[in-house]
Each structure stands twice: as C-alpha cells, then as structure tokens.
1. For Phe120, what charge total do you get from the other residues with a beta carbon under 14 Å from its beta carbon, if Lys and Arg give +1 and Asp and Glu give -1?
2. How charged is the neighbourhood of Leu223? Take every other residue with its Cβ under 12 Å from the Cβ of Leu223, and add Lys/Arg as +1 and Asp/Glu as -1.
3. Is there a quick way to get the dipole size of segment 53-119? I mean about its Cα centre, with the Cβ of Lys and Arg at +1 and of Asp and Glu at -1; what is the value in debye to the nearest 20?
4. Treating the beta-carbon of each Lys and Arg as +1 and of each Asp and Glu as -1, no other charges, what is the dipole magnitude of the chain about its Cα centre, to the nearest 20 debye?
5. Based on the alpha-carbon gyration tensor of the chain and its eigenvalue square roots a ≥ b ≥ c, which shape applies: rounded if a/c is under 1.5, prolate if not and a/b is larger than b/c, or oblate?
6. Counting each DSSP H run of 4 or more residues in the chain as -39500 (n - 2.57), what helix-only mean residue ellipticity at 222 nm follows after dividing by all residues, to the nearest 500 deg cm²/dmol?
7. How large is the charge dipole for segment 372-419, taken about the Cα centre, if only the Cβ atoms of Lys, Arg (+1) and Asp, Glu (-1) carry charge, to the nearest 20 debye?
8. So which chymotrypsin sites (Phe, Trp or Tyr not before Pro) in segment 155-196 end up in coil per DSSP with only 10 or fewer other C-beta atoms within 10 Å?
Amino acid sequence: MNTKLLAVIAAVVVLAVVGALVALQAPPPQQQTSPAPTQTTPPTTTTKQAPKGAIYVIYDIGGRGDLSFNDMAYLGASRAAETFGLGLKEVQSRTQDDYVPNLRAAAKSGDATIIVAVGFLMTDAVKSVSNEFPDAKFAIIDGYIPDRPNVMSVLYRENEGSALVGALAALTAYYYNCSKVGIVLGMEIPVLWKFEIGYAYGVRWAERYIKQKFGKDAKFDILYIYTGSFNDPAKGKQAAEVMLAQGVCVIYQAAGATGLGVFEAVAEAGKRAGRSMGPPFAIGVDADQDYLKPGFILASMMKRVDVGVYTAAKMAVEGKFKGGVLELGLKEGGISVSTLDDLNQFIQIGVRAGAVKQADADRIIAAVREMRSKIPTWVWEAVDQLKQDIINGKVAVPLPTTQDQVAQLRKELGLGAVS
C-alpha cells in the first residue's frame, strides 16, 4: 500500500453506521460544546443546556482511522453523546505507556460520566486506574475485569461470528474448487484466539455440511499467521501474499488496520489474474468493510463495538451501571455477518465523511451485489443454518481462554502456522 493511500486511510474519521442504533450524522471528534445562548424576541430567552458530563474514549495504539475496531467505538460513543446530551472527548494513545496517564487524566477531569477504554491491551491500565478512582465509571472493550464494581467488561463472542465466516470461506472455496483458506491476525492476545479458533471451527463445520449435502469428502487446509501488529498494512499485505502464493483463495483478516494490507494483496492478485472480482477473496472484520475492495471482499464479520460502547454509556446515564461482564453475541445482536443493507448504510455515511465519492457509491454497491449473486444460494443458506443453530444452542463454538486450550484446539482443528 503506497504512502499516499495510507495517508488517506489515516485521515478517515468516520466509517459507518449500522442499523437503527447508529445515528446518520455523528458529532465531530473534538470535545462537544453547546452553542452560545440564542436571544429571541424579548422578553423570551431560550438557552440550550451545556453537556452535563462527558464520555471519554481512550483509543489504543491502533487508533481512529483503522476502518474497523476503533472507528466502531467512536460511532457508539458519538451516538450516545448525541442521544444523552453529553460531551465527547477522545484521547489517542500513541504507545502503551500512554494508557495509564490518559485514563488517569480522564478520571481526574471531574466531568466523566463514563470512561471507555478501547481494547484488551488496556486491561492492566484500567485495573490500576480504576483502583485509584473508585468513584469513576470505566468500561473496557475486550478486557476481562470481572471483580470491580466500577468497571464494566464488554466482551463479545467473536468465536460465533468467526465460525460463520469460516463456514462461508470454506463453502465458497469448495464452489471454486479450492481447498485452502487462511486467517491473518494482529497481535497474539486472548481475544484473537476466539477469531482464530472460531474460524477454523466454521471451516470444519462446512466439511460436514458438504458431506451431508453432496455426499463428498471435502478437506481444507487452514493456514494462520499472527503479524504482531494492528496498525501495519505492509505486514498484512506480506502475510496475505505468502498465503496466496501457497494456494489460499479466501483470507479472513482479524488485524485492525494491518488487515487493510490483506485487502490490497487479494485485490491485486485478482486483478493480475484478469478478474474484476474474486476469487481470491478476503473477509473483513469488526465493521462492514465490503466497500473497501468491492468484489474482492466476500463479507465482513461485524463486531458491534458501537453497540457495546453505547450500551455502557446508556447504563451510566440512567444509573444502571454496574461492574462485571456484559457479553454480546449473535443472539444479542452484538455479532453479525455483513449484508447488502449494511453496505448501503455504510456507503452513504462514507460519502458524507468523504471516504467514498458519491459518483462511486452506485458502482461499489453494484459490484458487491454482483459478486454476492455469483455465490450459490445454498452457500448463504448454509451459513444462516449455522447461525440459527448457534443461537438456538444446537451448536457450541469452542471458546479458548488459555494457551493450552488454544494449542489443543489448533491440533484438533488442524490449523497450520505460516512462518
């Protein structure tokens, strides 16, 4: 990915909205202030109330503009700020050493209705600062702090959504006579084990589905690689290129901004082969990323970070906040696979934000629709069947929590590391 493109991506400040919970226009990313009081015909004077508090959003080192995790957190916070009349104050962490001072400054501010820490990497920092400021309310996305009365841990069952796109990857690969799929991840931290293992489980589920539907024994190689970064598209592109060279035809990215390089590699490989759409395909993560390389992104596993942030803020405002764990999965609407309806909404917000040209919007939507239409109906129906079975409890997707469990599941599911 060239420097100019990276600069454009880094400048994007609004990604999208999903469904009715996300406002069509978000407030700007700076601290929100009320306009000056407006004088009407005397003697009547009307004054817009200033924010009574603020939502503080402390971003991790991936930061805004990743077109996935952090941008979704912003959308949930901006929605909550608008709905509840709060200010929105955003703080970017440049390094991990910034976590504690950033959180501490927010807690000291005196106007924090809730402080949202975006990402697992801030777990230790939140533990420390929440202990210093027991009266401040904290929510951490992906961090597990179950025993603090002033900390809400917002967790997601990413293993469920990853199983769906794993099945989608394998079934699509089967249709195109390919037997290798892959996943490119960021740093190896516990939350990403759920993506990795869930994806592999979905691939193996697809093998059983193919046997049942077609009476054929399909076997897929599953390759994985941890890049060690969430903000290095070059590493993502390199990892994807290695997989593509080994015959992988569908690659799921779970690497934040690093995954943008995966999209680049997949689209370039397809175009070199003279194609305007996959295979090969990529699969997006966290937000609906289908529009970034239309025709080459099969779908996105949407992790509704916006819903988690909004819910935590709502509970704080309404006096219902309590420490512990808030877990969101397919059943709760916190996890989903992107649809064409999602794409329409994301495109329009992308246009307003300047990330997508209005002249390109119809072309992008048409390209994604055409690509999806070429995937057989039975593939989408199979994925929906797996979704319903998970929601109904008929299927339990593995949920690893320790390194030993991950090692055992990698062995059972037959994952192969890419060096």
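Read-outs throughout are calculated quantities, based only on the coordinates presented, and are distinct from any laboratory measurement. From a predicted model like this one, the values you see are computed outputs, not experimental measurements. Cβ atoms come from the backbone with ideal geometry, glycine included; neighbour counts cover every protein chain shown.
1. On the way: positive: Lys127, Lys194, Lys303; negative: Asp60, Asp124, Asp142, Glu158, Glu188, Asp286.
With Lys, Arg at +1 and Asp, Glu at -1, the net is -3.
2. Working: positive: Lys180, Arg410; negative: Glu196, Asp221.
For residues surrounding Leu223, the net value is 0.
3. Working: 6 positive and 8 negative charges, 33 e Å.
Value, rounded to 20: 160 debye.
4. Numbers: 43 positive and 41 negative charges, 112 e Å.
In debye, rounded to 20, the chain gives about 540.
5. Working: a/c = 1.93, a/b = 1.53, b/c = 1.26.
Prolate is the answer for the chain, as a/c is 1.5 or above and a/b outweighs b/c.
6. Values: 13 runs with 183 residues, N = 419.
That comes out to -14000 deg cm²/dmol.
7. Numbers: 6 positive and 5 negative charges, 35 e Å.
In debye, rounded to 20, segment 372-419 gives about 160.
8. Sites meeting the loop and neighbour criteria: none at all.
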